[in-house]
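Okay, structure first, notes after.
The values are calculated or read from the model by the stated rules, or taken from the named source; none is laboratory data. Small disclaimer: the values here were computed from a predicted structure and weren't measured. Neighbour counts are summed over all protein chains in view; Cβ atoms, including those assigned to glycine, are modelled from backbone coordinates with ideal geometry. Each accessible area value is taken on the protein alone, full model and side chains, heavy atoms only, with ligands, DNA and RNA left out. Shrake-Rupley method; radii C 1.70, N 1.55, O 1.52, S 1.80 Å.
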Amino acid sequence: MKKLFLFIVMLSLLLFGRGLLKTSYGQDKKPNVLPDQYIVVLKDSVDDSENAAEDLQKKHNLSIDFIYKKALKGFSAKMNTEKLEKVKADPRVLFVSEDREVTYAVKEDGVRGNGRKPKPRPTPTQPPQKVPTGISRIGLNSTNEGVGIGVAVIDTGVDLTHPDLAANIPLNANTTCVTGTSNGNDDNGHGTHVAGTIAALNNSIGVIGVAPQAKILAVKVLNAQGSGTWSSVICGIDWVTANAGKFTIKVANMSLGAGGSSDNNCGNSNSDPLHKAICNSRNAGVTYVVAAGNSGANASGFVPAAYDDAVITVSALADSDGQSGGVGTATAYGSDDTFATFSNYGTVVDLGAPGVSIFSTYYGGDYGTLSGTSMASPHVAGAAALYLNKNPGDTWSQVRDGLKAVAEVKGNGHTDPSGLHPEPVVRANAL
Ligand code: CA
């Protein structure tokens, strides 16, 4: 028995050991709690979270990183156990949560940048515009381009001067929550790729997005290696919530996540500040679209994917030819027009979208091909922008239901041999 057990352990290490070393969301379900780093949520009765944070900082000599005002009343800080107990006992404090690591939801084998800044060089020659397979697969909309809708890309940043994006990026409408960076510019490539799928320009060069006249708001919460923290993501959500009116932010895309679970009560039952922040931002009129994750597991074990009461969760479809019907060549992650083998699944998933070998904009004025539920989510974020262009007053759940109502059902262009994916595939041309 012992020998058999050892054999299984060795085999598991051989099969999964490589994955555990990788940081991309979905490779490792472990929550990655950050030592001595906490998120303090204040009671709603606290008038001014900045005053309260500064008072607590002076009282207990705290090292505060972020102060939250709109999506949450609260702050993040580093503190030892002794200080933690004192802060918890303060009557203004609702709850204190550990801070955790989050990562982007891309398959790392496809990331060319992966933390290395592009070498300083002239902007590459721009290729003639072509419609990426993912865009044609969900149906390029010829009449609705999502004009007037702001979409926040909560990610590694966006290449603010990319020739196929810049006209959709308003000046001084970006931010960073990452130490050592000064604005929402991209130093990884991932966020620029996501942005291109949402709103690359309909011009003569590069690619075209789902909503080529939507505006892109770059919110940098992940570092050059594609990792961040709950506290940095909440900083991004706080900025989106505070600026939703000013920049007409109606949609936010989050192609990121980590292990976690949902109480389906906006984090009030299980003291989850990320969930609470998203719910408050949603209440301010922002529809959140998130990646299901790449673990080939039930998405209910990952956040924000699991927040069924607050977000639209997106799984990845494998499509090789931009057409429905399953006649294309097989992809590295499954047959044409089936769900990608890496994609998370489950009842919290609302829609599927193309997420294998997706061609889009990349940092350094460039273009690149990436796979992951990271790439599926922005197809739906773009579709949400189209929907909101036509139905500007609708709430997030009406957006979700509206997108589902016109989506492609199983058997009508895609199949699901896995039996794990009852969710329909998003359609953009009917919006
Ligand atoms: Ca273009």
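Values for this structure:
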item: Some residue of segment 155-173 being within 18 Å of residue 287 (Cβ to Cβ), outside any helix (DSSP H, G or I) and in contact with a helix residue (DSSP H, G or I) (Cβ under 7 Å, 6 or more places away or on another chain); result: yes
item: Residues of segment 381-402 that turn out to be in a helix (DSSP H, G or I) and under 10 Å from residue 287 (Cβ atoms), as a count; result: 10
item: Filter pass, residue 399 being open to solvent by less than 10 Å² (accessible area, probe 1.4 Å), among the aliphatic types (A, V, I, L, M) and not assigned by TED's automatic domain parsing to the domain that holds residue 195; result: no
item: Sole residue being within 16 Å of the ligand (Cβ to nearest atom) and over 22 Å from residue 376 (Cα atoms), chosen from 161, 248, 241, 179; result: 161
item: Criterion violated by residue 212 - all others in (1) at pLDDT 95 or above; (2) part of a loop (DSSP other than H, G, I, E, B); (3) away from the ligand (no atom under 16 Å from the Cβ); (4) out of contact with any Lys or Arg (no Cβ under 6 Å at 6 or more places or on another chain) satisfied; result: (3)
item: Among the candidates 330, 297, 244, residue that is without any contact (Cβ under 8 Å) to a residue 40 or more places away in the chain and over 30 Å from residue 88 (Cβ atoms); result: 330
item: Selection within segment 104-146 - away from the ligand (no atom under 16 Å from the Cβ) and modelled with pLDDT of 95 or more; result: 137, 138, 139, 143, 144
item: Criterion violated by residue 353 - all others in (1) assigned to a strand (DSSP E or B); (2) open to solvent by 50 Å² or more (accessible area, probe 1.4 Å); (3) out of contact with any Phe, Trp or Tyr (no Cβ under 6 Å at 6 or more places or on another chain) satisfied; result: (2)
item: Residue match in segment 392-409 (condition: in contact with a strand residue (DSSP E or B) (Cβ under 6 Å, 6 or more places away or on another chain), β-branched (Val, Ile, Thr) and more than 20 Å from residue 190 (Cβ to Cβ)); result: yes
item: The listed residue being more than 18 Å from residue 235 (Cβ to Cβ), in a loop (DSSP other than H, G, I, E, B), touching a helix residue (DSSP H, G or I) at 6+ places or on another chain (Cβ under 8 Å) and open to solvent by 10 Å² or more (accessible area, probe 1.4 Å), out of 178, 131, 147; result: 147
item: Residue count for segment 408-431, restricted to those that are within 18 Å of residue 253 (Cβ to Cβ) and aliphatic (A, V, I, L, M); result: 4
item: Residues located in segment 328-350, provided they are of a type in the set (S, T, N, Q) and surrounded by fewer than 24 Cβ atoms within 10 Å (Cβ to Cβ); result: 329, 331, 335, 338, 341, 347
item: Positions within segment 187-207 being open to solvent by 10 Å² or more (accessible area, probe 1.4 Å) and either within 20 Å of the chain's Cα centre (by Cα) or away from the ligand (no atom under 14 Å from the Cβ) (or both), in sequence order; result: 187
item: Test for residue 223: is it in a loop (DSSP other than H, G, I, E, B) and surrounded by 24 or more Cβ atoms within 10 Å (Cβ to Cβ); result: no
